[in-house]
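Right, one structure below, let's go through it.
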Amino acid sequence: MLVILKRDAGEISRQAAQLVASAVRKNPSLTLGLATGSTMIAVYQELVRLNKAGSLDFSQVVTFNLDEYLGLAPTHPQSFHHFMQQHLFAHVNISSRNIHTPDGTIRGDYDKYCAAYEDAIHQAGGIDLQLLGIGRNGHIGFNEPTSSIGSRTRLKVLEKETIDDNAKSFAPGEESPRCAITMGIGTILEARKILLIATGGSKAAAVTKAIEGPVTSAVPASALQLHPDVTFIIDDPAAAQLTQRDYYTRVLEMTALLTPDRLS
Ligand code: GLP
């Protein structure tokens, strides 16, 4: 595990976008796992900037989004599909046939649909690089606390805290969805490389439990400790409760010296 500490959200988005861009440059047909949430907006802005500057080509990149609200059509302004269009897909040269987001409008055989989503990931050769944010309760994707560490893509009931957090982006009086389709923790752990980004003091407790706490389904992001190639990029407020900050900084310095490829 690598922990990269940055001063603020601006530095984080530049570093995260640079890691994504460099992965795409090394493998132009990279399969990229994507996340939504306000933390990701600046990262996508930076990727759009690099694409427009001609230094990042999305033409062969394949994407799979982590999750989608159940009941929202792709055109709904609060759907994650719409979020991705608004912040990334509409502004870069990605091919629409290479974009995959779970369908929030499905009804009935959820298991069959979710198994097909997993199949599509396998058909694409698996996820090379998975971007993640983190919820205040430690969720990744929409894997709420107590999600099984081996879970796969499935229908998930959201926690009240998550519903309340997400209600802010819905119009007053509009009900925020209570369920979602999400990749499972087991699905996420199969990605070859994982990059989790966290900013702001409201994430400090979750970040500390994820990095320094025990691996437990009570903190879904702690399952990332089981992954061989995970990088956390965290700003000062989100890192405030970490107890091993000096050690993470020394590890990073040595990594830059001995295995610089991990950082580019
Ligand atoms: C939602 C998404 C997560 C995201 C989280 C945090 O719950 N399903 O993938 O990590 O929001 O969002 P924000 O970055 O807005 O705090």
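Computed values, structure above
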| read-out | value |
| --- | --- |
| Odd one out for Pro77 among (1) of a type outside the set (Gly, Ala, Ser); (2) within 16 Å of the ligand (Cβ to nearest atom); (3) in contact (Cβ under 8 Å) with a residue 60 or more places away in the chain; (4) not in a strand (DSSP E or B) | (3) |
| Any pair with Cβ under 6 angstrom, 6 or more apart, that starts in segment 225-247 at a residue that is assigned to a helix (DSSP H, G or I) and ends at one that is basic (Lys, Arg) | Asp236/Arg7; Ala238/Lys203 |
| Residues within segment 175-184 that are hydrophobic (A, V, I, L, M, F, W, C) and surrounded by fewer than 24 Cβ atoms within 10 Å (Cβ to Cβ), tallied | 1 |
| Selected residue (only one of Thr146, Thr63 is under 15 Å from the mean Cα position of the chain (by Cα), away from the ligand (no atom under 11 Å from the Cβ) and not in a helix (DSSP H, G or I)) | Thr63 |
| Sole residue being within 17 Å of Ile127 (Cα to Cα), buried (at least 16 other Cβ atoms within 10 Å of the Cβ) and within 16 Å of the ligand (Cβ to nearest atom), chosen from Ala35, Ala42, Ala23 | Ala35 |
| Number of the condition not met by Ile121 [criteria: (1) more than 27 Å from Glu11 (Cα to Cα); (2) in contact (Cβ under 8 Å) with a residue 40 or more places away in the chain; (3) assigned to a loop (DSSP other than H, G, I, E, B)] | (3) |
| Segment 211-257: number of residues that are under 26 Å from Glu190 (Cα atoms) and over 23 Å from the mean Cα position of the chain (by Cα) | 3 |
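Bear in mind these aren't lab numbers, they're just calculated from the coordinates by the rules spelled out. Since the structure is predicted, the reported quantities are computational estimates derived from the model, not experimental observations. Every residue, glycine among them, receives a Cβ derived from its backbone with ideal geometry; neighbour counts consider all protein chains shown.
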